[in-house]
Amino acid sequence: MGLITAADLPGSVPVFPLPGALMLPRARLPLHIFEPRYLAMLDDTLKTPHRLIGMVQPLEEGGGIRAQNDEGCQGLHRIGCAGRLSAFSETEDGRYMITLSGISRFRITGMVDGFSPYLRADVDWSGYERDLGPVEHDPEFDRGCFLDQLRRFFGARELSADWDSLEQAEDELLINSLSMLCPFDTEEKQALLEAKTLAERRRTLTTLIDFALRRGDGEDVLQ
């Protein structure tokens, strides 16, 4: 299948609630699938023409969409991002290593009733048309200042990085990759997901990094 257009987007998608796993348009997210219900989801997804899986952040307390699964009542954030299953390999013990390629964000409008072991959601794609468009740029991005802040962030936690690659990466690749990799909490990840533009996501990311530096916690930066 080639590029996905708005006409290709389905009215419902399987959803994978995974805390801290942020999917963004035009980015790639590797996942390790081993639970039986998500192996079933993967098998079913491979049979669809679009091969989309919706990544969503669970809610720890209150709000959001309520849904019943085999673990009881679980809340989900309303905004998620669908990724197209673009690569997978099976291990000898029947597990899968997969890669999702980010396609578009969506808003959950309700849960699909059925007998599948995993959750499915009715979704609305409107308002996220730019996700299907070309790579975004951030004209006001001060890369030098941002990388200085990032060096302090990494240095405080004794982490190494390929700074040459970071300096040369396109705006969107740099900002989105860091948004996905940095272990912010669920609500912070959600704020990065819901940023309407790349510039807004960069501002949010900068604020979160600055807050982490000021807080001075000793947690690892990258997962």
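The values are calculated or read from the model by the stated rules, or taken from the named source; none is laboratory data. Predicted model only: the values in this text are computed from it and were never measured. With ideal geometry, Cβ positions are generated from the backbone for all residues, glycine too; neighbour counts draw on all protein chains shown.
Evaluated against (1) farther than 20 Å from residue 75 by Cα; (2) small (Gly, Ala, Ser); (3) at pLDDT 95 or above, residue 218 falls short on exactly one condition, (3). The helices (runs of 4 or more DSSP H) found entirely in segment 126-223 that carry 3 or more residues being touching a residue at least 24 places away in the same chain (Cβ under 8 Å) are 143-155, 171-181, 186-194, 198-215.
Here is the figure for segment 175-202: residues that are at pLDDT below 95 and hydrophobic (A, V, I, L, M, F, W, C) total 5.
In segment 66-111, counting only strands (runs of 3 or more DSSP E) that sit wholly within it, the ones holding 3 or more residues that are over 20 Å from residue 42 (Cα atoms) and at pLDDT below 90 span 72-76.
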